[in-house]
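FYI, it's all coordinate maths here, none of it is from the lab. Since this is a predicted model, take the numbers as computed values, not measurements. In this analysis, Cβ positions are derived from the backbone assuming ideal geometry, glycine residues included, and neighbour counts consider all displayed protein chains.
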Amino acid sequence: MSAHAPDHSHQGEHGQHEPHIVPMRVYFSVISCLFIFTAITVAVGFLELGPLNTPVALAIAIFKASLVVLFFMHVRYNTPLMWVFAGSGFFWLLILFALTMQDYVSRGWDDQGIPFLIQ
Amino acid sequence: MSKTASHHPALQHYFDDLKQQHGAATMGMWAFLAQEIMFFGGLFAGYTVYRYKYFNAFVEGSNLLPIAWGGLNTVILIASSFTVAMAVRCAQQGLHRSVFNWFMATMVLGLGFLGVKAIEYSHKYHDHLIPGLNFQWDGPMAGPMKIFFSFYFVMTGMHALHMIIGVGLMLWLIPKIRAEKFGPQYYSPIENFGLYWHFVDIVWIFLFPLLYLIGRHL
């Protein structure tokens, strides 16, 4: 361990961690968006959209979650390797839902056909 | 050979420098969060299957949940995500006092959320809607209604447990913040706590519409 006289010319700023500081306006924009879309999702819940109510509610939730992940959680400013780590969990979630639902949706499909989804 | 960065007391000997240490800490946290996504993902998948199977009961159950309390908690959690993002930002700038203040704000909001949740749970207790404790439903679809409220309590309960753990983590970090252990060179514990707290916020962003807003127009 070197006790003194660090060799700045050799080491320089390399190895120093320099945080990426996100501008305040980004944080204010994100929280404003999150509040506005919370109000929208409640309002849309009372509208008659036929089969679209659930997809719209989910789309708004996914949009809000993306804002949190990208800006509050700094993924937007991180390395590609971190994007892979952050995305892996959500990718796994897609597999879980796709395989689970294709199973349950197609259960009971026969000539009589009372599919699982329709009581 | 000399290393300027190695003089930082927070640098562990098995890392070359603080930059590498910070990258490893962030990546480890995201690996943990991927595991958390899998954990909650199982609950959401089960919820999805039964919601399709017993949609009418889920609509009826959802309409018994108070939008005002759920909406208030959504606002509280989003605000707390903002305050913890500010805490991380201040830690990056070495503003020790501000980090402490934003943490206190986050803690107040987190406890406020849990308080609202406690009020909701107590109302459910009075209405005899807690499966396994006092569930009673005299109308039709008693079984499917019980399934809806089982999902409601397991999902919001697991979420609330994460909030309680988050408050505990803040209590653990606050003395370190007071001791000014974090700054621009080393703020991984603050940032990773922020990632955890944001994740818990994201879970609620999905729980709110999926539990409180089913078929409100029907």
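Compute and list, largest first, the equivalent-ellipsoid semi-axes of region B:123-172 from the alpha carbon gyration tensor, each √(5λ) rounded to a whole angstrom.
Equivalent-ellipsoid dimensions as semi-axes: 30, 11, 6 Å.
Taking the Cα centre of region B:16-212 as origin, sum charge times position over the Cβ atoms of Lys and Arg (+1) and Asp and Glu (-1), and report the length of that vector in debye to the nearest 20.
Details: 11 positive and 10 negative charges, 38 e Å.
I would put it at about 180 debye.
If you place +1 on the Cβ of every Lys and Arg and -1 on the Cβ of every Asp and Glu, how big does the dipole about the Cα centre of the protein assembly as shown come out, in debye to the nearest 20?
Working: 17 positive and 17 negative charges, 108 e Å.
The calculated dipole for the protein assembly as shown is roughly 520 debye.
Residue by residue through A:62-74, how many Cβ atoms from other chains fall within 10 Å of the Cβ on average?
Working: counts 3, 1, 8, 7, 1, 3, 8, 5, 0, 2, 13, 15, 7.
Going residue by residue through A:62-74 and averaging, the value is 6.
Ratio of alpha-carbon Rg to the 2.2 N^0.38 Å globular estimate for region A:22-77, to two decimals, please.
Working: Rg = 13.1 Å, N = 56, 2.2 N^0.38 = 10.2 Å.
For region A:22-77, the normalised Cα radius of gyration comes out at 1.29.
If each of residue A:66 and residue B:31 carries a label point 7 Å out from its Cα toward its Cβ, how far apart are those two points in nm?
It is 2.9 nm.
Which one, B:54, B:26, B:212, is farthest towards the positive end of the dipole of chain B when Lys and Arg carry +1 and Asp and Glu -1 on their Cβ?
Comparing the listed Cα positions along the dipole, B:26 ranks first.
Projected area of chain B, taken from the Cα convex hull and averaged over every viewing direction, in nm²? Don't skip to the answer; put the middle values down first.
On the way: hull surface 54.3 nm².
Averaging across all directions leaves 13.6 nm² for the Cα convex hull.
Report the label-to-label distance for residue A:79 and residue A:58 in nanometres (one decimal), using points 7 Å from each Cα along the Cα→Cβ vector.
Here the modelled spin labels are 3.5 nm apart.
For the peptides A:68-78, A:32-42, B:83-93, what is the packing order when you average, over each peptide's residues, the other Cβ atoms within 10 Å and list the highest mean first? Show your work: numbers first, answer last.
On the way: A:68-78: 20.1, A:32-42: 17.2, B:83-93: 23.9.
Going from most to least packed, we get B:83-93, A:68-78, A:32-42.
Starting from the amide H of residue B:183, placed 1.01 Å from N in the peptide plane, find each other amide H under 5 Å away whose residue is 5 or more places distant or on another chain.
Under 5 Å from the amide H of residue B:183 lies no amide H from a residue far enough along the sequence or on another chain.
Given 4 °C and 1.567 mPa s, compute D for region B:97-160 with the Stokes-Einstein relation, Rh being the Kirkwood radius over Cα pairs; round to the nearest whole µm²/s. Can you show the working numbers first?
Numbers: Rh = 13.6 Å.
Answer from the Stokes-Einstein relation: 95 µm²/s.
Considering the Cα positions of the protein assembly as shown, please state its Rg to one decimal place and its Dmax as a whole number of Å.
23.1, 85
Where Lys and Arg each count +1 and Asp and Glu each count -1, what net charge lies around residue B:172 among other residues with Cβ under 13 Å from its Cβ? It would help to have the intermediate numbers written out before the result.
Numbers: positive: B:176, B:178, B:181; negative: none.
Summing Lys/Arg as +1 and Asp/Glu as -1 gives +3.
Pick from B:190, B:177, B:119: which is most flexible by mean-square fluctuation in a GNM of chain B where alpha carbon atoms under 10 Å apart are linked?
B:119
If one takes the longest principal axis of the Cα atoms in chain B, at what angle in degrees, from 0 to 90 and to the nearest 10, does the Cα axis of helix B:18-53 lie?
Computed tilt is about 0 degrees.
Just B:181, B:124, B:19 to compare: in a GNM of chain B, with alpha carbon springs under 10 Å, which one fluctuates most?
B:19
Would you mind pulling out the separation of the Cα centroids of region B:181-218 and region B:24-101, in Å?
Each part reduced to its Cα centre gives a spacing of 4 Å.
Which length gain, in nm to one decimal place, applies between residue B:119 and residue B:169 when the Cα-Cα distance is subtracted from 0.36 nm times their residue separation? Please list the in-between numbers first.
Numbers: separation 50, 0.36 × 50 = 18.00 nm, distance 2.39 nm.
Taking residue B:119 through residue B:169 to full extension adds about 15.6 nm, to one decimal.
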